[in-house]
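J.: Sharing a structure here in C-alpha coordinates format.
The values are calculated or read from the model by the stated rules, or taken from the named source; none is laboratory data. What you see is a predicted model, and the numbers here were worked out from it, not measured in a lab. Reconstructed Cβ throughout: ideal geometry from the backbone, glycine too, with neighbour counts over all protein chains shown. Note: areas computed on protein heavy atoms with side chains; ligands, DNA, RNA excluded. Shrake-Rupley method; radii C 1.70, N 1.55, O 1.52, S 1.80 Å.
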Amino acid sequence: GVTRLLLTRIPFFKEIIVSSFSCHSCSWSNTEIQSAGRIQEQGVCYTLAVTSRQDMNREVVKTDCASARIPELDFEIPAFSQKGVLTTIEGIIARAVAALEQDQPARRATDTEVARKIDEFIGKLRQLKEVNSPFTFILDDPSGNSFVENPQAPQRDEALLVTHYRRSPQQCALLGLEGEEVDAKLPDTAEDLRDEVLQFNTNCPECNAPASTNMKLVQIPHFKEVIIMATNCDSCGHRTNEVKSGGAIEPRGTRITLRITDPSDMTRDILKSETCSVEIPELEFELGMGALGGKFTTLEGLLKDIRDLVEKNPFTLGDSSMASRTGKLQEFIGKLQDVKGKAQAHFIMDDPAGNSYLQNVYAPEEDPELSVQRYERSFEQNEELGLNDMRTEGYEPQPAAGR
(Lines give C-alpha, C1' and ligand atoms only; values in the text may rest on other atoms or scores of the structure.)
Protein backbone atom coordinates (compact mmCIF):
# COMPACT_ATOMS: atom_id res chain seq x y z
CA GLY A 1 0.00 0.00 0.00
CA VAL A 2 0.84 3.69 -0.10
CA THR A 3 0.99 6.06 2.89
CA ARG A 4 0.65 9.81 2.33
CA LEU A 5 1.62 12.45 4.89
CA LEU A 6 0.22 16.00 4.91
CA LEU A 7 1.06 18.86 7.25
CA THR A 8 -2.05 21.02 7.51
CA ARG A 9 -3.40 23.72 9.78
CA ILE A 10 -6.90 23.69 11.26
CA PRO A 11 -8.41 27.19 11.64
CA PHE A 12 -8.50 28.47 15.23
CA PHE A 13 -6.53 25.41 16.34
CA LYS A 14 -3.01 24.38 15.30
CA GLU A 15 -0.98 22.37 12.82
CA ILE A 16 -1.44 18.60 12.60
CA ILE A 17 0.05 15.79 10.51
CA VAL A 18 -2.54 13.74 8.59
CA SER A 19 -1.46 10.22 7.64
CA SER A 20 -3.50 8.40 4.96
CA PHE A 21 -2.98 4.77 3.93
CA SER A 22 -4.65 2.99 0.99
CA CYS A 23 -4.27 -0.51 -0.44
CA HIS A 24 -4.98 -1.16 -4.17
CA SER A 25 -5.33 -4.91 -3.66
CA CYS A 26 -8.18 -4.98 -1.12
CA SER A 27 -9.24 -1.28 -1.28
CA TRP A 28 -8.75 -0.88 2.47
CA SER A 29 -7.98 2.67 3.60
CA ASN A 30 -7.17 4.31 6.89
CA THR A 31 -6.42 7.80 8.18
CA GLU A 32 -4.63 8.87 11.35
CA ILE A 33 -3.50 12.20 12.76
CA GLN A 34 -0.60 13.27 14.96
CA SER A 35 -0.06 16.61 16.63
CA ALA A 36 2.64 18.67 14.99
CA GLY A 37 3.33 20.54 18.22
CA ARG A 38 4.36 19.54 21.72
CA ILE A 39 2.20 18.46 24.64
CA GLN A 40 0.40 21.51 26.03
CA GLU A 41 0.90 22.98 29.48
CA GLN A 42 -2.64 21.97 30.52
CA GLY A 43 -5.16 19.32 29.57
CA VAL A 44 -8.41 20.24 27.82
CA CYS A 45 -11.99 18.99 28.05
CA TYR A 46 -14.63 19.81 25.42
CA THR A 47 -18.31 19.44 26.39
CA LEU A 48 -20.74 19.81 23.48
CA ALA A 49 -24.55 19.74 23.69
CA VAL A 50 -25.59 18.06 20.41
CA THR A 51 -29.08 19.25 19.45
CA SER A 52 -29.19 19.19 15.63
CA ARG A 53 -27.83 17.41 12.55
CA GLN A 54 -25.47 20.35 11.98
CA ASP A 55 -23.73 19.54 15.28
CA MET A 56 -23.02 16.02 13.98
CA ASN A 57 -20.92 17.57 11.18
CA ARG A 58 -18.57 19.44 13.52
CA GLU A 59 -14.92 18.69 12.85
CA VAL A 60 -13.16 16.77 15.63
CA VAL A 61 -9.47 16.12 16.24
CA LYS A 62 -9.13 13.19 18.64
CA THR A 63 -5.60 12.18 19.65
CA ASP A 64 -4.77 8.66 20.79
CA CYS A 65 -4.52 9.80 24.46
CA ALA A 66 -8.00 11.40 24.44
CA SER A 67 -11.16 9.75 25.76
CA ALA A 68 -14.66 10.39 24.35
CA ARG A 69 -17.85 9.97 26.40
CA ILE A 70 -21.60 10.15 25.90
CA PRO A 71 -23.08 10.19 29.45
CA GLU A 72 -26.68 9.59 28.31
CA LEU A 73 -25.73 6.09 27.10
CA ASP A 74 -23.00 5.53 29.71
CA PHE A 75 -20.67 5.06 26.71
CA GLU A 76 -16.94 5.78 26.69
CA ILE A 77 -14.05 5.32 24.28
CA PRO A 78 -11.04 4.98 26.64
CA ALA A 79 -7.71 6.70 26.05
CA PHE A 80 -5.10 4.80 24.00
CA SER A 81 -7.78 2.40 22.68
CA GLN A 82 -7.79 4.04 19.20
CA LYS A 83 -5.31 5.86 17.02
CA GLY A 84 -5.63 9.60 16.57
CA VAL A 85 -8.18 10.62 13.96
CA LEU A 86 -9.46 13.71 12.12
CA THR A 87 -13.20 13.21 11.66
CA THR A 88 -16.62 14.49 12.74
CA ILE A 89 -18.82 13.62 15.69
CA GLU A 90 -20.90 11.43 13.39
CA GLY A 91 -17.67 9.75 12.23
CA ILE A 92 -16.66 8.93 15.83
CA ILE A 93 -20.07 7.30 16.45
CA ALA A 94 -19.87 5.40 13.14
CA ARG A 95 -16.37 4.18 14.02
CA ALA A 96 -17.61 2.94 17.40
CA VAL A 97 -20.51 1.11 15.72
CA ALA A 98 -18.14 -0.55 13.25
CA ALA A 99 -15.83 -1.67 16.09
CA LEU A 100 -18.74 -3.21 18.03
CA GLU A 101 -20.11 -4.99 14.95
CA GLN A 102 -16.75 -6.48 14.04
CA ASP A 103 -16.93 -9.47 16.42
CA GLN A 104 -20.72 -9.86 16.53
CA PRO A 105 -20.85 -13.03 14.36
CA ALA A 106 -18.50 -14.82 16.76
CA ARG A 107 -20.45 -13.57 19.79
CA ARG A 108 -23.76 -14.80 18.34
CA ALA A 109 -22.25 -18.27 18.03
CA THR A 110 -20.73 -18.36 21.53
CA ASP A 111 -22.86 -16.07 23.73
CA THR A 112 -26.20 -15.03 22.29
CA GLU A 113 -27.22 -12.99 25.35
CA VAL A 114 -24.15 -10.72 25.16
CA ALA A 115 -24.58 -10.40 21.37
CA ARG A 116 -28.22 -9.39 21.85
CA LYS A 117 -27.31 -6.68 24.36
CA ILE A 118 -24.59 -5.33 22.07
CA ASP A 119 -27.07 -5.23 19.17
CA GLU A 120 -29.44 -3.19 21.33
CA PHE A 121 -26.62 -0.79 22.21
CA ILE A 122 -25.61 -0.48 18.55
CA GLY A 123 -29.20 0.47 17.79
CA LYS A 124 -29.05 3.23 20.39
CA LEU A 125 -25.79 4.56 18.89
CA ARG A 126 -27.35 4.66 15.42
CA GLN A 127 -30.34 6.58 16.78
CA LEU A 128 -27.92 9.22 18.08
CA LYS A 129 -26.91 10.01 14.49
CA GLU A 130 -30.51 11.04 13.75
CA VAL A 131 -30.48 13.43 16.79
CA ASN A 132 -34.06 12.54 17.73
CA SER A 133 -33.19 13.70 21.25
CA PRO A 134 -30.31 15.92 22.42
CA PHE A 135 -27.23 14.33 24.01
CA THR A 136 -23.86 15.41 25.40
CA PHE A 137 -20.51 14.68 23.77
CA ILE A 138 -17.43 15.01 26.02
CA LEU A 139 -13.87 14.90 24.70
CA ASP A 140 -11.17 14.83 27.41
CA ASP A 141 -7.49 15.04 26.43
CA PRO A 142 -4.73 15.35 29.08
CA SER A 143 -2.21 16.37 26.40
CA GLY A 144 -4.34 19.35 25.33
CA ASN A 145 -4.01 18.49 21.61
CA SER A 146 -7.61 17.49 20.82
CA PHE A 147 -10.16 19.83 19.29
CA VAL A 148 -13.89 20.25 18.62
CA GLU A 149 -14.87 22.77 15.92
CA ASN A 150 -16.66 26.00 16.78
CA PRO A 151 -18.64 27.00 13.65
CA GLN A 152 -19.18 30.50 15.04
CA ALA A 153 -15.48 31.24 15.68
CA PRO A 154 -14.10 33.67 16.63
CA GLN A 155 -17.41 34.29 18.46
CA ARG A 156 -18.35 32.18 21.43
CA ASP A 157 -20.37 29.01 20.92
CA GLU A 158 -23.08 28.62 23.59
CA ALA A 159 -23.36 24.87 22.98
CA LEU A 160 -19.62 24.21 23.43
CA LEU A 161 -17.86 24.44 26.77
CA VAL A 162 -14.03 24.35 26.75
CA THR A 163 -12.30 23.67 30.08
CA HIS A 164 -8.55 23.67 30.68
CA TYR A 165 -7.21 21.83 33.72
CA ARG A 166 -3.98 20.84 35.43
CA ARG A 167 -2.94 17.24 34.81
CA SER A 168 -2.91 14.78 37.70
CA PRO A 169 0.27 12.75 38.48
CA GLN A 170 -1.42 9.66 36.97
CA GLN A 171 -2.15 11.49 33.72
CA CYS A 172 1.42 12.79 33.60
CA ALA A 173 2.68 9.23 34.03
CA LEU A 174 0.51 8.03 31.11
CA LEU A 175 1.99 10.78 28.93
CA GLY A 176 5.54 10.00 30.09
CA LEU A 177 6.03 13.37 31.79
CA GLU A 178 7.16 12.29 35.27
CA GLY A 179 10.65 13.67 34.72
CA GLU A 180 9.29 17.07 33.67
CA GLU A 181 7.27 17.70 36.81
CA VAL A 182 9.51 20.13 38.61
CA ASP A 183 6.87 21.03 41.20
CA ALA A 184 6.60 17.53 42.59
CA LYS A 185 8.83 16.95 45.58
CA LEU A 186 9.60 13.63 47.16
CA PRO A 187 8.73 13.30 50.83
CA ASP A 188 11.93 13.68 52.80
CA THR A 189 10.73 13.62 56.39
CA ALA A 190 8.87 11.17 58.59
CA GLU A 191 5.91 13.56 58.74
CA ASP A 192 5.57 13.42 54.95
CA LEU A 193 5.75 9.61 55.00
CA ARG A 194 2.81 9.42 57.42
CA ASP A 195 0.58 11.07 54.83
CA GLU A 196 1.91 9.10 51.83
CA VAL A 197 0.85 5.68 50.53
CA LEU A 198 4.02 4.17 49.07
CA GLN A 199 3.72 1.62 46.27
CA PHE A 200 6.24 -0.88 44.92
CA ASN A 201 6.05 -3.68 42.37
CA THR A 202 6.02 -7.33 43.38
CA ASN A 203 4.65 -10.70 42.25
CA CYS A 204 1.41 -12.30 43.41
CA PRO A 205 2.07 -15.10 45.95
CA GLU A 206 -0.72 -17.20 44.37
CA CYS A 207 -0.30 -16.90 40.57
CA ASN A 208 3.10 -15.10 40.37
CA ALA A 209 1.62 -12.41 38.10
CA PRO A 210 2.96 -8.84 38.41
CA ALA A 211 1.13 -6.99 41.18
CA SER A 212 1.60 -3.92 43.35
CA THR A 213 1.91 -3.60 47.12
CA ASN A 214 0.75 -0.50 48.97
CA MET A 215 2.58 0.47 52.16
CA LYS A 216 1.39 2.99 54.77
CA LEU A 217 2.81 4.19 58.08
CA VAL A 218 -0.04 4.32 60.64
CA GLN A 219 -0.08 5.63 64.20
CA ILE A 220 -2.26 3.45 66.48
CA PRO A 221 -3.71 5.54 69.36
CA HIS A 222 -2.25 4.76 72.78
CA PHE A 223 0.29 2.38 71.18
CA LYS A 224 2.94 3.00 68.52
CA GLU A 225 3.54 3.31 64.80
CA VAL A 226 3.10 0.28 62.53
CA ILE A 227 3.62 -0.36 58.82
CA ILE A 228 0.62 -1.83 56.96
CA MET A 229 1.28 -3.52 53.60
CA ALA A 230 -1.56 -4.63 51.31
CA THR A 231 -1.23 -6.56 48.04
CA ASN A 232 -4.02 -6.87 45.45
CA CYS A 233 -3.63 -9.03 42.33
CA ASP A 234 -5.68 -7.99 39.28
CA SER A 235 -5.04 -11.34 37.55
CA CYS A 236 -6.42 -13.85 40.07
CA GLY A 237 -8.12 -11.53 42.58
CA HIS A 238 -5.90 -12.61 45.50
CA ARG A 239 -5.77 -10.04 48.30
CA THR A 240 -3.57 -10.06 51.36
CA ASN A 241 -2.39 -7.65 54.03
CA GLU A 242 0.46 -7.78 56.50
CA VAL A 243 1.56 -5.63 59.42
CA LYS A 244 5.12 -4.89 60.53
CA SER A 245 6.12 -3.08 63.68
CA GLY A 246 7.43 0.41 63.02
CA GLY A 247 9.60 0.45 66.16
CA ALA A 248 12.20 -1.61 67.92
CA ILE A 249 11.72 -4.72 70.03
CA GLU A 250 10.45 -3.73 73.47
CA PRO A 251 12.67 -4.30 76.54
CA ARG A 252 10.09 -6.73 77.96
CA GLY A 253 7.50 -9.10 76.54
CA THR A 254 3.75 -8.45 76.69
CA ARG A 255 0.93 -10.79 77.70
CA ILE A 256 -2.55 -9.36 76.98
CA THR A 257 -5.64 -11.10 78.40
CA LEU A 258 -9.19 -10.12 77.40
CA ARG A 259 -12.28 -11.61 79.03
CA ILE A 260 -14.90 -11.77 76.30
CA THR A 261 -18.27 -11.01 77.91
CA ASP A 262 -20.25 -9.23 75.20
CA PRO A 263 -20.60 -9.48 71.38
CA SER A 264 -19.39 -5.86 71.18
CA ASP A 265 -15.92 -7.13 72.16
CA MET A 266 -15.66 -8.59 68.65
CA THR A 267 -15.21 -5.05 67.26
CA ARG A 268 -12.03 -4.31 69.24
CA ASP A 269 -9.00 -3.51 67.10
CA ILE A 270 -6.14 -6.01 67.24
CA LEU A 271 -2.55 -5.72 66.12
CA LYS A 272 -1.01 -9.20 66.03
CA SER A 273 2.66 -9.19 65.13
CA GLU A 274 4.39 -12.17 63.55
CA THR A 275 6.05 -12.96 66.92
CA CYS A 276 2.73 -13.18 68.81
CA SER A 277 0.97 -16.39 69.87
CA VAL A 278 -2.78 -16.61 70.59
CA GLU A 279 -4.50 -18.78 73.16
CA ILE A 280 -8.16 -19.48 74.06
CA PRO A 281 -8.10 -21.72 77.20
CA GLU A 282 -11.83 -22.57 77.11
CA LEU A 283 -11.37 -24.16 73.67
CA GLU A 284 -7.96 -25.67 74.52
CA PHE A 285 -6.69 -23.79 71.48
CA GLU A 286 -3.27 -22.26 70.91
CA LEU A 287 -1.94 -20.55 67.76
CA GLY A 288 1.83 -20.55 67.63
CA MET A 289 4.21 -17.72 66.85
CA GLY A 290 4.46 -17.00 63.11
CA ALA A 291 1.06 -18.47 62.17
CA LEU A 292 -1.13 -16.08 60.11
CA GLY A 293 1.77 -13.57 60.06
CA GLY A 294 1.27 -9.99 61.21
CA LYS A 295 -2.29 -8.66 61.05
CA PHE A 296 -4.12 -5.46 61.93
CA THR A 297 -7.80 -6.34 62.17
CA THR A 298 -10.62 -6.78 64.70
CA LEU A 299 -11.10 -9.62 67.17
CA GLU A 300 -13.87 -11.01 64.96
CA GLY A 301 -11.61 -10.78 61.90
CA LEU A 302 -8.81 -12.67 63.66
CA LEU A 303 -11.19 -15.44 64.76
CA LYS A 304 -12.45 -15.67 61.16
CA ASP A 305 -8.86 -16.03 59.93
CA ILE A 306 -8.30 -18.81 62.48
CA ARG A 307 -11.41 -20.60 61.25
CA ASP A 308 -10.31 -20.26 57.61
CA LEU A 309 -6.86 -21.60 58.56
CA VAL A 310 -8.51 -24.75 59.93
CA GLU A 311 -11.09 -25.23 57.18
CA LYS A 312 -8.77 -24.67 54.20
CA ASN A 313 -6.14 -27.13 55.37
CA PRO A 314 -6.64 -30.29 53.21
CA PHE A 315 -5.07 -32.49 55.91
CA THR A 316 -7.61 -31.42 58.56
CA LEU A 317 -10.99 -31.18 56.82
CA GLY A 318 -10.12 -32.30 53.27
CA ASP A 319 -10.07 -35.71 51.58
CA SER A 320 -6.86 -36.65 53.41
CA SER A 321 -8.33 -36.16 56.89
CA MET A 322 -9.42 -38.90 59.27
CA ALA A 323 -13.03 -39.22 60.41
CA SER A 324 -12.22 -38.88 64.10
CA ARG A 325 -10.11 -35.78 63.53
CA THR A 326 -12.77 -34.24 61.29
CA GLY A 327 -15.41 -34.62 64.00
CA LYS A 328 -13.22 -32.95 66.61
CA LEU A 329 -12.39 -30.04 64.29
CA GLN A 330 -16.05 -29.53 63.37
CA GLU A 331 -16.86 -29.40 67.09
CA PHE A 332 -14.03 -26.89 67.57
CA ILE A 333 -15.34 -24.68 64.75
CA GLY A 334 -18.80 -24.72 66.34
CA LYS A 335 -17.36 -23.61 69.71
CA LEU A 336 -15.33 -20.92 67.96
CA GLN A 337 -18.53 -19.65 66.35
CA ASP A 338 -20.16 -19.53 69.82
CA VAL A 339 -17.28 -17.36 71.09
CA LYS A 340 -18.06 -14.83 68.34
CA GLY A 341 -21.70 -14.75 69.45
CA LYS A 342 -22.74 -15.64 72.99
CA ALA A 343 -20.20 -17.81 74.85
CA GLN A 344 -17.78 -16.19 77.29
CA ALA A 345 -14.09 -16.96 77.00
CA HIS A 346 -10.61 -15.59 77.60
CA PHE A 347 -8.53 -14.37 74.66
CA ILE A 348 -4.78 -14.30 75.41
CA MET A 349 -2.06 -12.72 73.25
CA ASP A 350 1.54 -13.46 74.23
CA ASP A 351 4.20 -11.48 72.36
CA PRO A 352 7.81 -11.75 73.55
CA ALA A 353 8.75 -8.77 71.35
CA GLY A 354 6.06 -6.58 72.95
CA ASN A 355 4.80 -5.33 69.58
CA SER A 356 1.19 -6.56 69.76
CA TYR A 357 -1.84 -4.53 70.78
CA LEU A 358 -5.47 -5.03 71.79
CA GLN A 359 -7.75 -2.00 71.89
CA ASN A 360 -8.80 -0.57 75.23
CA VAL A 361 -12.27 0.83 74.61
CA TYR A 362 -12.11 2.79 77.89
CA ALA A 363 -8.76 4.50 77.08
CA PRO A 364 -7.16 6.42 78.69
CA GLU A 365 -8.99 4.84 81.66
CA GLU A 366 -8.39 1.21 82.63
CA ASP A 367 -10.46 -1.54 81.01
CA PRO A 368 -11.97 -3.90 83.62
CA GLU A 369 -12.02 -6.81 81.14
CA LEU A 370 -8.48 -6.24 79.81
CA SER A 371 -5.20 -6.91 81.57
CA VAL A 372 -1.70 -6.22 80.23
CA GLN A 373 1.24 -7.97 81.88
CA ARG A 374 4.89 -7.09 81.21
CA TYR A 375 7.44 -9.83 81.82
CA GLU A 376 11.13 -10.53 81.39
CA ARG A 377 11.93 -12.73 78.40
CA SER A 378 13.56 -16.09 78.91
CA PHE A 379 16.81 -17.12 77.25
CA GLU A 380 14.86 -19.31 74.77
CA GLN A 381 12.60 -16.40 73.79
CA ASN A 382 15.58 -14.11 73.26
CA GLU A 383 17.15 -16.85 71.16
CA GLU A 384 14.06 -17.05 68.93
CA LEU A 385 14.13 -13.28 68.47
CA GLY A 386 17.85 -13.33 67.69
CA LEU A 387 18.75 -11.09 70.63
CA ASN A 388 21.32 -13.27 72.37
CA ASP A 389 23.92 -12.85 69.62
CA MET A 390 23.02 -9.25 68.75
CA ARG A 391 25.54 -6.57 69.68
CA THR A 392 24.46 -2.94 69.51
CA GLU A 393 27.48 -1.39 71.21
CA GLY A 394 31.18 -2.05 71.64
CA TYR A 395 31.56 -3.50 68.14
CA GLU A 396 33.64 -0.61 66.77
CA PRO A 397 37.26 -1.54 66.00
CA GLN A 398 39.67 -0.40 68.69
CA PRO A 399 42.41 2.05 67.59
CA ALA A 400 45.89 0.58 67.43
CA ALA A 401 47.89 1.19 70.56
CA GLY A 402 50.72 3.68 70.14
CA ARG A 403 54.30 2.56 70.54
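J.: Give the long-range amide H neighbours of F135: residues separated by 5 or more places, or on another chain, with amide H under 5 Å away, using H modelled in the peptide plane at 1.01 Å from N.
T.: V50
J.: Determine the calculated [θ] at 222 nm for the chain from helices alone, applying -39500 (n - 2.57) to every DSSP H run no shorter than 4 residues and normalising by the residue count; nearest 500 deg cm²/dmol.
T.: Estimated from H runs of four or more residues: -7000 deg cm²/dmol.
J.: Taking θ = phi - 60°, what integer Hz values does the Karplus form 6.51 cos²θ - 1.76 cosθ + 1.60 yield along the stretch 65-78, in sequence order, with x for Gly and Pro?
T.: 9, 9, 10, 10, 9, 10, x, 4, 9, 6, 10, 9, 9, x
J.: Accessible area, 1.4 Å probe, largest first: how do R166, R116 sort?
T.: R166, R116
J.: Farthest toward the dipole's positive end in the chain, which of S27, G327, S245, given Cβ charges of +1 (Lys, Arg) and -1 (Asp, Glu) about the Cα centre?
T.: Result: S27, furthest along the dipole toward the positive end.
J.: Further question: Under the Karplus relation 6.51 cos²θ - 1.76 cosθ + 1.60, θ = phi - 60°, what is the ordered set of whole-Hz ³J(HN,Hα) values for the stretch 132-143, x standing for Gly and Pro?
T.: 5, 9, x, 8, 10, 10, 10, 10, 10, 10, x, 7
J.: Right, something else. When a/c is below 1.5 the answer is rounded, else prolate if a/b is larger than b/c, else oblate, so apply that to the stretch 41-175 with a ≥ b ≥ c taken from the square roots of the Cα gyration tensor eigenvalues.
T.: oblate
J.: Still on this structure, I have one more. Straight-line reach from K83: which lysines have Cα under 28 Å away, leaving out those fewer than 8 places along the same chain?
T.: Here the lysines satisfying the reach criterion relative to K83 are K14, K62, K117, K124, K129.
J.: Using the Cα centre of the chain as the reference point, and only Cβ charges (+1 on K/R, -1 on D/E), how large is the resulting charge dipole? Debye, rounded to the nearest 20.
T.: Once rounded to the nearest 20, the dipole reads 1380 debye.
J.: Something else about it: What percentage of the solvent-accessible surface of the stretch 197-245, computed with a 1.4 Å probe over protein heavy atoms, is contributed by carbon and sulfur atoms?
T.: For the stretch 197-245, the apolar C and S fraction of the accessible surface comes to 47 percent.
J.: Among (i) 1.39; (ii) 1.50; (iii) 1.00, only one was calculated for this model; which label is it, if the read-out is Cα Rg over 2.2 N^0.38 Å?
T.: Matching the structure shown: (ii).
J.: A further question follows. In square angstrom, what is the accessible area per residue of the chain with a 1.4 angstrom probe?
T.: 62
J.: Strictly under 4.7 angstrom between C-beta atoms: which cysteines of the chain have no such partner?
T.: So, C23, C26, C45, C65, C172, C276.
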